[in-house]
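Enquirer: The structure under discussion is supplied below as structure tokens; questions concerning it will follow.
The values are calculated or read from the model by the stated rules, or taken from the named source; none is laboratory data. Just so it is clear, the structure is predicted and the values come from calculations on it, not from any experiment. With ideal geometry, Cβ positions are generated from the backbone for all residues, glycine too; neighbour counts draw on all protein chains shown.
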Amino acid sequence: MQIESRHAGRCYGDRWAIRDISLVVPAREPLLLLGPSGGGKSTLLRLLAGLEIPQEGQILVDGKPLSPNESDLRIHRRRLGFVFQDGNLFPHLNAQENITLPLIRAHGFSRADALARAHTLLERFQLLTHSRNRPAELSGGQRQRIALARAMGHDPEILILDEPTSALDPEMTGEVIDALETIRNEGKTLVLATHATGFARHLGGQVAFLQDHRLTWTGPTQKFFEAPPTEGARAYLSRIQRE
Ligand code: ADP
């Protein structure tokens, strides 16, 4: 599966959140969306994910324009996995049910198949002992690992993650980062907005740097960190590293 943004722009009211963004999500390697808050990272993720549609330009999936028709967008979204800042788990369901319910409701799994899949994922993310706990009974890191396990349920090729560690303290961030590395090593494509630059550098792949609603640089992650390519990137990194 390949997703591409071609001159995409999205505005809210009379203000552009992003403008003229062209990039191809590289297959099987992380794409890291970096840049100051308000620069447009979340908006770009929502467009790539088919959660919103651009008013300018296009999103292409496997070379074909993504139709703005709601049923086509739903099909596109079903092929992806999502993790947001706060995990968005269902508070009234336990960890296992949080994974099985979308598999049964949205992906047509039988109950037995959904349970088997949940078991595999809970085991992979070292969560089996928590499978009966509800989100309120778990730490932030455990909740985010469940959100990751849920996003992986239907085995998507591409995982879209919007600041998945920003609500966590450093120790729990480490747990989630380990889980993300496992996913990357399985050959999944991660599209990730993050301010966790140490982790981003370690993940490798490609960087897309967004600032002031524009894409100002794309290139290898290693290069971005070794020699920050723009004045904005240098200022951003020195600010983040001081925090
Ligand atoms: P980032 O993820 O880099 O912090 P966002 O994509 O969240 O940036 O925001 C980009 C710009 O679009 C900001 O100016 C923000 O205020 C605006 N914006 C984002 N989402 C909405 C929305 N739903 N309604 C109005 N303005 C929005």
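Enquirer: Could you check Asp212 against (1) crowded, with 20+ Cβ neighbours inside 10 Å; (2) of a type in the set (D, E, K, R); (3) farther than 30 Å from Arg111 by Cα and say which number it fails?
Expert: Here Asp212 clears every test but (1).
Enquirer: Checking Glu97 against (1) touching a residue at least 12 places away in the same chain (Cβ under 8 Å); (2) buried (at least 16 other Cβ atoms within 10 Å of the Cβ), only one condition comes out false. Which one?
Expert: (1)
Enquirer: Of the residues that make up the stretch 71-80, is at least one part of a strand (DSSP E or B), more than 16 Å from the ligand (Cβ to nearest atom) and farther than 26 Å from Arg145 by Cα? Even if it seems obvious, please write down each step before you answer.
Expert: Let us first name the residues in the stretch 71-80 that are part of a strand (DSSP E or B), namely 80.
From what's left, more than 16 Å from the ligand (Cβ to nearest atom): 80.
Next cut, farther than 26 Å from Arg145 by Cα only: none.
No: the stretch 71-80 contains no residue that is part of a strand (DSSP E or B), more than 16 Å from the ligand (Cβ to nearest atom) and farther than 26 Å from Arg145 by Cα.
Enquirer: Would you point out the residue of the stretch 38-55, among those that are more than 25 Å from Arg184 (Cα to Cα) and within 8 Å of the ligand (Cβ to nearest atom), that is surrounded by the fewest Cβ atoms within 10 Å (Cβ to Cβ)?
Expert: Kept after step one, since they are more than 25 Å from Arg184 (Cα to Cα), are these residues of the stretch 38-55: 38-39, 52-55.
Next, from what is left, pick out any that are within 8 Å of the ligand (Cβ to nearest atom): 38-39.
Details: Gly38: 13, Gly39: 24.
Of everything passing the filter in the stretch 38-55, Gly38 is surrounded by the fewest Cβ atoms within 10 Å (Cβ to Cβ).
Yes/no per residue for (1) without any contact (Cβ under 8 Å) to a residue 12 or more places away in the chain; (2) in a loop (DSSP other than H, G, I, E, B):
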| residue | (1), (2) |
| --- | --- |
| Arg19 | no, no |
| Ser22 | no, no |
| Pro26 | no, yes |
| Gly38 | yes, yes |
| Ser42 | no, no |
| Leu45 | no, no |
| Leu51 | no, yes |
| Gln58 | no, no |
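Enquirer: Can you name every residue in the stretch 133-191 that is away from the ligand (no atom under 16 Å from the Cβ), touching a residue at least 24 places away in the same chain (Cβ under 8 Å) and on the phi > 0 side of the Ramachandran plot?
Expert: Answer for the stretch 133-191, where residues must be away from the ligand (no atom under 16 Å from the Cβ), touching a residue at least 24 places away in the same chain (Cβ under 8 Å) and on the phi > 0 side of the Ramachandran plot: just Gly187.
Enquirer: Of the residues that sit in the stretch 219-243 and are surrounded by fewer than 17 Cβ atoms within 10 Å (Cβ to Cβ) and β-branched (Val, Ile, Thr), which one is nearest to Gln85 (Cα to Cα)?
Expert: The extreme case among them is Ile240.
Enquirer: Going through the stretch 1-27 one residue at a time, which ones are at pLDDT below 95, surrounded by 13 or more Cβ atoms within 10 Å (Cβ to Cβ) and within 16 Å of the ligand (Cβ to nearest atom)?
Expert: Hits for the stretch 1-27: nothing passes.
Enquirer: Show me the strands (runs of 3 or more DSSP E) found entirely inside the stretch 152-243 where at least 1 residues are within 21 Å of Asn98 (Cβ to Cβ), over 16 Å from the mean Cα position of the chain (by Cα) and of a type in the set (Val, Ile, Thr).
Expert: On the way: elements: 158-162, 189-193, 206-211, 214-220.
Of the strands (runs of 3 or more DSSP E) lying wholly inside the stretch 152-243, none has at least 1 residues that are within 21 Å of Asn98 (Cβ to Cβ), over 16 Å from the mean Cα position of the chain (by Cα) and of a type in the set (Val, Ile, Thr).
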